[in-house]
Every structure is written in C-alpha cells, then in structure tokens.
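Chemist: Would you mind keeping the following structure in view while I ask a few things?
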Amino acid sequence: MKQLPLTKQQLIAALISLSLGSVAQAALTINGSSNSESSARVSWGGADSLSEARKIMYNSSNSSAIKKVDNGYGATNITNAHSFGSTNNNNFNNTNSYNTAYRGGFNSGSMIPISTDSRSVAVIDAETGESIYEKAADIARPMASITKIMTAMVVLDAGLDMREEITLDPEDFVGPKRASSNLKSGDRLNRAEMLLMALMKSENPAAKSLARNYPGGYSAFMRAMNRKAQDLGMTTAFFGDPTGLDKRNVASSNDLVKMVRAAGNYDVIRRFSTTKSYDFYVSNYSSGNRTYKANNTSSLVRDGSYPIGISKTGFINEAGRCVVMETRVNNRPAIIVILGANSSATRWGDAKNILNSLATRRTV
C-alpha cells in the first residue's frame with residue numbers, strides 16, 4: 001500500500017483530538033484495526049484515517065487504547081505496521097504487537113556484525129532492551145535538531161490547545177546560529193501545524209515559537225526540557241535551546257535511545273515525524289497568504305522502503321549529520337541512533353547498513 005501524505009482533513013482530525021486532551025491522542029495513528037489492546041501505531045496514511053480517528057475520539061470504549069507516557073525504562077505495548085525482512089513484508093498493513101519492556105541489560109545480547117563510519121552509534125532491540133551495536137555510545141555529543149523530539153514532548157505534555165493560532169515574531173528567527181528557513185515573520189499557523197513543521201521539516205522558527213508560546217514563556221520551556229531529560233534518566237543530556245542550533249544541546253547515543261523510547265508514547269510524534277510531505281496554507285497579513293509545500297527531511301521516510309515509526313534528522317557543524325529512528329525489522333522492533341556522520345551519505349549509508357543487518361539477524 002502506498003504511503004500517502006498527511007491530508008488537510010487528517011490534520012484537522014489531529015487538531016480536534018488534541019483539543020480533547022490525552023484521551024484522544026491515539027486518534028492520530030489509528031489505521032483501521034479493531035484490536036482494542038493496541039496503544040500506538042506507526043501510521044502510513046490512508047483514506048480511512050479520518051473515520052478511524054473519529055471512532056477513537058468519540059467512542060469512550062476505546063479509552064483503554066490510549067498510551068500512558070513511559071519514563072524511558074518501563075514496559076509499554078506498541079503495535080507497529082509492516083516488518084521489513086519478515087515473511088509478511090508484502091502486506092504493508094500487517095500489524096504486529098510487541099512489548100518494549102527491557103528484559104536484558106546493555107551489552108547482554110549478541111552484537112550485529114557491522115562497521116559504521118559515524119562517530120557515535122547505538123542500536124537496541126526494543127523488545128529485549130539489549131544493545132546489539134554500540135560505538136562510543138556513552139559519550140555526550142551535540143545532537144542538533146534531534147532536539148526537536150524533546151521539544152515536541154514538552155509541548156504535548158502541557159496539554160495546550162493545538163488549534164490556537166501562533167504568529168511568528170522576528171525573535172523566532174534569532175538563534176545561536178544562522179539557519180535557512182522558508183518561513184517569514186508574521187506567518188500564522190496553529191500550534192499543531194507548527195509542531196508538524198518542526199518535526200517533519202525541522203523548521204527552527206516553528207520550534208522557537210512553540211517554546212515562546214509555552215505557559216511561563218521561553219525560560220519555563222527550557223527548564224521543562226531539562227527537567228524532562230532528568231526524568232527520563234538522560235544523565236548526559238543538556239538542552240540550551242528548543243531548535244538544536246545551540247551546540248550546547250548534547251546527549252550520548254544511549255541517552256537518546258531513552259528519549260526515542262519515550263517519544264514512542266506520543267502518537268502525535270509518531271505520526272508527524274514520519275509524514276512524507278504536507279502542503280501548509282500559511283497566512284500572513286503583511287506579505288500575503290501562500291502555500292508552503294514541505295517534505296520530510298529524512299530520505300528514508302520519503303523513500304518509504306523501510307518501516308519507520310519515529311524519525312528525526314539533525315545537522316550543525318559541531319554535531320555532524322545525525323538521525324534517530326524507531327523501526328521494525330525481521331519482526332523485531334529496534335531503535336537506532338546515529339550521531340556525528342561527516343556527510344549525509346555517511347549517515348544514510350550507516351542507517352541502511354544497520355537496517356539491512358537487522359533484516360538478516362537471527363531472532364530466536
């Protein structure tokens with residue numbers, strides 16, 4: 001089944017569900033299953049997404065399907081779609097349940113026999129919690145726009161009205177570094193659209209505006225980001241800004257595994273971070289209204305050859321090329337963190353090498 005871009009109708013459903021609070025969050029990623037025990041799902045789009053979202057939003061019997069936010073260590077049930085390397089990989093809508101409880105410790109499993117060129121890499125079997133590949137995984141490194149996953153979690157934790165309109169101010173374009181953007185001062189989008197823009201397109205002004213419009217303001221948002229990192233046990237992590245342009249934003253690969261695991265408990269992050277493309281209708285009183293056609297920053301998400309449930313890329317000079325993702329390969333879930341690649345080709349080469357090695361790994 002071909003993955004479709006997130007439609008305007010699906011985003012509207014997202015806005016409605018978010019405005020209803022945490023009881024409606026699963027509405028964003030339900031994709032036609034009647035399994036009442038599923039608590040989150042990788043969504044690949046489809047014409048039935050809106051109708052299924054409405055079923056979840058307005059059917060109180062489905063409240064058990066809403067996932068509780070994980071602290072990065074505990075057990076959570078996740079249902080993922082399509083397993084690359086499994087015997088069922090011709091059925092794109094095949095769903096498989098698994099549990100992310102860590103039953104083993106890092107370094108307790110057999111490592112996959114690969115070599116990587118990026119400076120720091122961590123791969124875990126999310127079913128057992130075992131590390132199956134590590135390279136300098138305990139050393140804190142700049143993470144660049146991987147930061148935006150934490151930004152999204154803090155926004156969603158606040159339970160704010162996702163339909164509220166946010167206007168970009170000149171200060172949203174000022175940061176630790178100069179960065180290109182297709183947004184303009186005065187652009188108006190609602191909070192959900194800003195979040196989609198930050199996760200899918202990695203627009204820095206969108207992330208900055210989300211922090212600025214947080215209860216208590218920007219400073220309160222930054223405190224919440226670092227407090228969240230502490231709560232997740234990310235002992236090497238520090239966040240100096242919500243975009244990732246600040247080179248002080250650092251964490252080890254193993255700590256970013258904890259962050260990605262926690263992000264898996266937010267259906268909005270799953271859906272938004274893996275959206276291939278979206279056409280934003282941007283209002284601006286000064287420069288006029290326009291359509292902003294945006295594509296996902298991950299070539300693997302855009303290509304659609306691999307099943308990816310969470311994705312975020314990043315780059316600043318100090319960080320190199322980075323990517324984190326959750327995937328399901330050979331009928332087993334895995335989390336992959338790659339930091340410090342010296343080129344985009346190296347980043348995606350390492351990612352594909354890992355994914356292909358996982359596809360041939362024996363899972364007994």
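Chemist: Once each part is reduced to its C-alpha centroid, what is the distance from region 125-148 to region 218-263 in angstrom?
Modeler: 13 Å
Chemist: What's the carbon and sulfur percent of region 264-364's accessible surface, probe 1.4 angstrom, rounded to a whole number?
Modeler: That share works out to 42 percent.
Chemist: Another question about this same structure. With the Cα gyration tensor of region 136-188 giving a ≥ b ≥ c as the square roots of its eigenvalues, does the rule (a/c under 1.5 for rounded; else a/b larger than b/c for prolate; else oblate) give rounded, prolate or oblate?
Modeler: oblate
Chemist: Rounded, prolate or oblate: which fits region 224-364, taking a ≥ b ≥ c as square roots of the Cα gyration tensor eigenvalues, rounded meaning a/c under 1.5, else prolate when a/b beats b/c?
Modeler: Taking the square roots of the gyration eigenvalues as a ≥ b ≥ c, region 224-364 is oblate.
Chemist: Using a simple spin-label model with points 7 Å from Cα along the Cα→Cβ vector, what separation in nm is obtained for Asp279 and Gln230?
Modeler: That separation, rounded to one decimal, is 4.7 nm.
Chemist: If you roll a 1.4 Å probe over the heavy atoms of the protein chains, what accessible area per residue do you get for region 175-274, in Å²?
Modeler: Counting only protein heavy atoms, the per-residue value for region 175-274 is 30 Å².
Chemist: Can you pull the one-decimal nm distance between simple spin-label points at Lys352 and Arg223, each 7 Å off the Cα toward Cβ?
Modeler: Result for the modelled spin labels: 4.7 nm.
Chemist: Shape of region 226-281 from its Cα gyration tensor (a ≥ b ≥ c, root eigenvalues): rounded if a/c is under 1.5, otherwise prolate when a/b > b/c, or oblate?
Modeler: On the way: a/c = 2.53, a/b = 1.54, b/c = 1.64.
Taking the square roots of the gyration eigenvalues as a ≥ b ≥ c, region 226-281 is oblate.
The values are calculated or read from the model by the stated rules, or taken from the named source; none is laboratory data. Only a predicted model underlies this, so the values are computations on that prediction, with no experimental measurement involved. Quick reminder, even Gly has a Cβ in these numbers, built from the backbone with ideal geometry, and neighbours come from all protein chains shown. The area values use the complete protein model at the heavy-atom level, side chains included, leaving out ligands, DNA and RNA. Shrake-Rupley method; radii C 1.70, N 1.55, O 1.52, S 1.80 Å.
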